[in-house]
Amino acid sequence: MVNIKPVRLRFAPSPNGYLHLGHAYSALVNKHIARILKGELVLRMENIDTTRCKTHYENAIVEDLSWLGVDFRKPFRRQSEHFSDYQKALDELEKLGLVYPAFLTRGEVKEIIAEAERKGKNWPRDPDGTPLYPTDERSLSKSKAREMIAEGVPYSWRLNMDLALRFSGNDLYWYEFHGNQTKKVIAHPELWGDVIIARKDMPTSYHLSVVVDDALQHITHVVRGNDLFQATSVHRLLQTILGYEPPLYYHHPLVLGHDGHKLSKSNKDTSLRSLREKGLTANDIFALLPKI
Ligand code: GLU
């Protein structure tokens, strides 16, 4: 018997500011594709950063999206209510020996990189342009790490990329869909180095929670901005290690500002809220966005 999974998409904003035109476009593309595929679109609040994410932004997101004509079933998933799910996945990675506690402060990382560059080394950078995390702590003994943890030295969990790739095998890829076409994309998680799996103050990170949530919420199609195209490599690696079935992906073009840069939540001019307050209607917003 063929097992056809119900189509499910998600729109996953972080409630750390008001939605802007780029989010509006992403939500509308999600809604459009969900309708074509006769699937469901769910909302997920990506609020693991409980200091920057605020309830009033969350309420504003729901209200702005509804004003735009994008409504969601309630209750929706809030990442802050599911830390135990992420903890389980982190425990699994730890049991496999694929993560290690990372104690370096930002300043120490900077210093290590500066020192290497002084010696003429070209320090590698990830696809977003951030220098890779130094890998020296991979070899820190378990007893030393335990000692530092007991002393209260703050630490995060990082993936040992080499071991992770050995565990998953190098044959990593995903399918990018657009209309009726699908295209195989080879994943390159190695470009990201020892990515962060759990931040200092929480049992998770963006990469881990997004992968766990997409699996637990049975997401079949991930539709999100092109700025996350490269991060998909890390997601495919984690899905493979954790035994999750991969969704299909569509990374849509970004809506750029007049200056050609990505829109930012800190720029009031393009927030849906301020456009709405200026008297624009949902139809005016559609007119401002690229054709779907
Ligand atoms: N929360 C992310 C953002 O607001 C989106 C994550 C995703 O779609 O995978 O950019």
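Structure summary
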| quantity | calculated |
| --- | --- |
| Near pairs, Cβ below 6 angstrom, 6+ apart or cross-chain, from segment 183-201 (more than 18 Å from Met161 (Cβ to Cβ)) to any residue that is modelled with pLDDT under 95 | none |
| Complete set of residues in segment 1-59 that are more than 12 Å from the ligand (Cβ to nearest atom), hydroxyl-bearing (Ser, Thr, Tyr) and under 18 Å from Leu254 (Cα atoms) | Tyr18, Tyr25 |
| Number of positions in segment 197-210 that are buried (at least 24 other Cβ atoms within 10 Å of the Cβ) and part of a helix (DSSP H, G or I) | 3 |
| Given (1) farther than 22 Å from Lys262 by Cα; (2) in a helix (DSSP H, G or I), number of the condition Phe72 does not satisfy | (2) |
| Segment 165-176 - residue that is modelled with pLDDT of 95 or more and over 19 Å from the mean Cα position of the chain (by Cα) and, of those, surrounded by the fewest Cβ atoms within 10 Å (Cβ to Cβ) | Arg166 |
| From Glu147, Glu137, Glu151, Glu190, residue being surrounded by fewer than 20 Cβ atoms within 10 Å (Cβ to Cβ) and touching a helix residue (DSSP H, G or I) at 6+ places or on another chain (Cβ under 7 Å) | Glu190 |
| Tally of residues being exposed (fewer than 11 other Cβ atoms within 10 Å of the Cβ), part of a helix (DSSP H, G or I) and within 23 Å of the chain's Cα centre (by Cα) across segment 81-128 | 2 |
| Hey, Asp227 within 11 Å of the ligand (Cβ to nearest atom), at pLDDT 95 or above and either in a loop (DSSP other than H, G, I, E, B) or surrounded by fewer than 19 Cβ atoms within 10 Å (Cβ to Cβ) (or both) or not | yes |
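The values are calculated or read from the model by the stated rules, or taken from the named source; none is laboratory data. Just so it is clear, the structure is predicted and the values come from calculations on it, not from any experiment. Neighbour counts run over all protein chains shown; Cβ positions are idealised from the backbone, glycine included.
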